[in-house]
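Remarks on the structure that follows.
The values are calculated or read from the model by the stated rules, or taken from the named source; none is laboratory data. A quick note: this is a predicted structure, and the numbers were derived from the prediction, not measured. Glycine gets a Cβ as well: all are built from the backbone with ideal geometry, and neighbour counts include every protein chain shown. The protein model used for the area step is the full one, side chains on, heavy atoms only, and it has no ligands, DNA or RNA in it. Shrake-Rupley method; radii C 1.70, N 1.55, O 1.52, S 1.80 Å.
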Amino acid sequence: MRSDVVSTEMEHMGEFLLAMACERASAQGVEAEMCLRHGPVLEALESAAREEGADAIAFGRPAGPESSFSLADLEHLAARIEEDLGIKTYIL
């Protein structure tokens, strides 16, 4: 039961963060759509990119040592996506 509560809270936080990112993109004149997925990160990103017809994926930099990803991990993930799908990635 506890893991369901944590999962639900994480999903709500993800929705909130994505909504904020879309608002910020729109304020800069960039069209962005919200897409929330579950599962392993690489598989979920690649699946969403294929389904949405993405031609680029932008990642935010890890937020320091407390982040789940190191910059090296994120760079590796971005390189895998470029290699697997031919989609340009950016780490901002």
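Would you mention how many residues in the stretch 18-34 are over 23 Å from ILE87 (Cα atoms) and open to solvent by 80 Å² or more (accessible area, probe 1.4 Å)?
2
Taking only the stretch 35-60 into account, find how many residues are within 11 Å of the chain's Cα centre (by Cα), of a type in the set (D, E, K, R) and either over 20 Å from GLU15 (Cβ atoms) or open to solvent by less than 60 Å² (accessible area, probe 1.4 Å) (or both).
Result for the stretch 35-60: 1.
Of the residues that make up the stretch 20-28, is at least one among the small types (Gly, Ala, Ser), part of a helix (DSSP H, G or I), within 16 Å of LEU92 (Cβ to Cβ) and within 11 Å of the chain's Cα centre (by Cα)?
Yes.
Return the total of residues in the stretch 1-16 being without any contact (Cβ under 8 Å) to a residue 12 or more places away in the chain and either open to solvent by less than 100 Å² (accessible area, probe 1.4 Å) or touching a His at 6+ places or on another chain (Cβ under 8 Å) (or both).
Selection size over the stretch 1-16: 6.
Within the stretch 61-92, how many residues are open to solvent by 80 Å² or more (accessible area, probe 1.4 Å) and either of a type in the set (Ser, Thr, Tyr) or farther than 19 Å from ARG37 by Cβ (or both)?
10
Please determine, by comparing only the residues of the stretch 55-92 that are over 22 Å from CYS22 (Cα atoms) and of a type in the set (D, E, K, R), which one is modelled with the lowest pLDDT.
Applying the filter and picking the extreme gives GLU66.
Identify, by number, the condition in (1) assigned to a helix (DSSP H, G or I); (2) over 13 Å from the mean Cα position of the chain (by Cα) that PRO65 doesn't meet.
Of the numbered conditions (1) assigned to a helix (DSSP H, G or I); (2) over 13 Å from the mean Cα position of the chain (by Cα), the odd one out for PRO65 is (1).
For the stretch 61-92, which positions are within 18 Å of GLY14 (Cα to Cα) and in contact with a helix residue (DSSP H, G or I) (Cβ under 8 Å, 6 or more places away or on another chain)?
Residues satisfying the conditions are ARG61, PRO62, PHE69.
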